[in-house]
Amino acid sequence: MERLKNAMERARADRQIVIRPARASSTTTIRGLLPGKGTAPSDRAGVKIQYTRTATVSVDTQSLRDGRILLAEGIEGITDTYKIMRTHILQRMRANSWKTLAITSPGEGEGKTTTAINLAISLAREVNQTVLLVDLDLKRPAIGRFFTDQESLGISDYLTGETNLADILIHPGIERLVIMPGRKKITHSSEILSSPRVIQLVDELKSRYEDRIILFDMPPLFAGDDVIAFLPYVDGVMLVVEDGKISKGELAQSQDLLGDKCIGLVLNKANMAGASVGYY
């Protein structure tokens, strides 16, 4: 925790971030396209987006379902829960003209990556919305493995200057969704996340299309100072908490670290009496 405190002090000094407890309303349970600049291709009339440079991968749908990834409306019972989460997030982000949202959790194994993927798919189903899901868990990149077994380039290749941004994006066959996977583990991840290369990356992603939401799957909050280092570059943060795993004190500490950037909490793996699903 000493490392997190030091990171907070650096953030205050270098970027004038105000870290304070989240407002009561913030604790309410709420749950791509790169080539060319300008307005994204319109999909409001049901026009399919054509991916020219973005590689399309063939996904194993059964494997995704086994990994608790939701693919089809009306098949998985939890789909409606993600619709509610989607609506809350879209309302908040559109009201504030936000484009970027980070997803993290206090500790490991709480389901943040699965939640990030399912939220991205749910958002992409919203006909006026294109979505880019970015794997910024640089020490433990996992998103790409959900969608393909093939070896592919990832964000680590871009951050080390070995490839262009357009060459690392993949389209998993889900309309309006593009993924920027991770690949190699990056040891000095917090330093990378506050580097000019990442600042340039975020600025470029935000400026490409006016109607795209960008989700960043981040490392666990208590696993290091990566989230704090990246906090200035996102509009909001969603905290995924496993039911019964952390104490009230740890939850309060998580919200204190995130401050006003925390737009809400997702209670995951909840064993609700009479509930028919594993997320709530």
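The values are calculated or read from the model by the stated rules, or taken from the named source; none is laboratory data. All of these numbers come straight from a predicted model, not from anything done at the bench. We place every Cβ from the backbone using ideal geometry, glycine too, and count neighbours over all the protein chains shown.
Some values worked out for this structure:
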{"read-out": "Which numbered condition LEU159 fails, given (1) modelled with pLDDT under 85; (2) among the hydrophobic types (A, V, I, L, M, F, W, C); (3) touching a Gly at 6+ places or on another chain (Cβ under 6 Å)", "value": "(3)"}
{"read-out": "Any chance ARG125 is touching a Ser or Thr at 6+ places or on another chain (Cβ under 7 Å) and over 25 Å from ILE246 (Cβ atoms)", "value": "no"}
{"read-out": "The lone exception for GLY259 - which of (1) more than 20 Å from MET85 (Cα to Cα); (2) at pLDDT 90 or above; (3) not in a helix (DSSP H, G or I) it fails", "value": "(3)"}
{"read-out": "Helices (runs of 4 or more DSSP H) within segment 121-223 that include 3 or more residues surrounded by fewer than 19 Cβ atoms within 10 Å (Cβ to Cβ)", "value": "196-208"}
{"read-out": "Evaluation of THR104 against (1) out of contact with any Asp or Glu (no Cβ under 6 Å at 6 or more places or on another chain); (2) more than 24 Å from ALA252 (Cβ to Cβ); (3) of a type in the set (Val, Ile, Thr) (one fails), failing number", "value": "(2)"}
{"read-out": "Tabulated pairs, segment 208-233, first closer than 18 Å to THR114 by Cβ, second part of a helix (DSSP H, G or I) and modelled with pLDDT under 90, C-beta under 7 angstrom, 6+ apart or interchain", "value": "ASP217/ILE143"}
{"read-out": "Segment 65-83, subset surrounded by 14 or more Cβ atoms within 10 Å (Cβ to Cβ) and β-branched (Val, Ile, Thr), residue modelled with the highest pLDDT", "value": "THR81"}
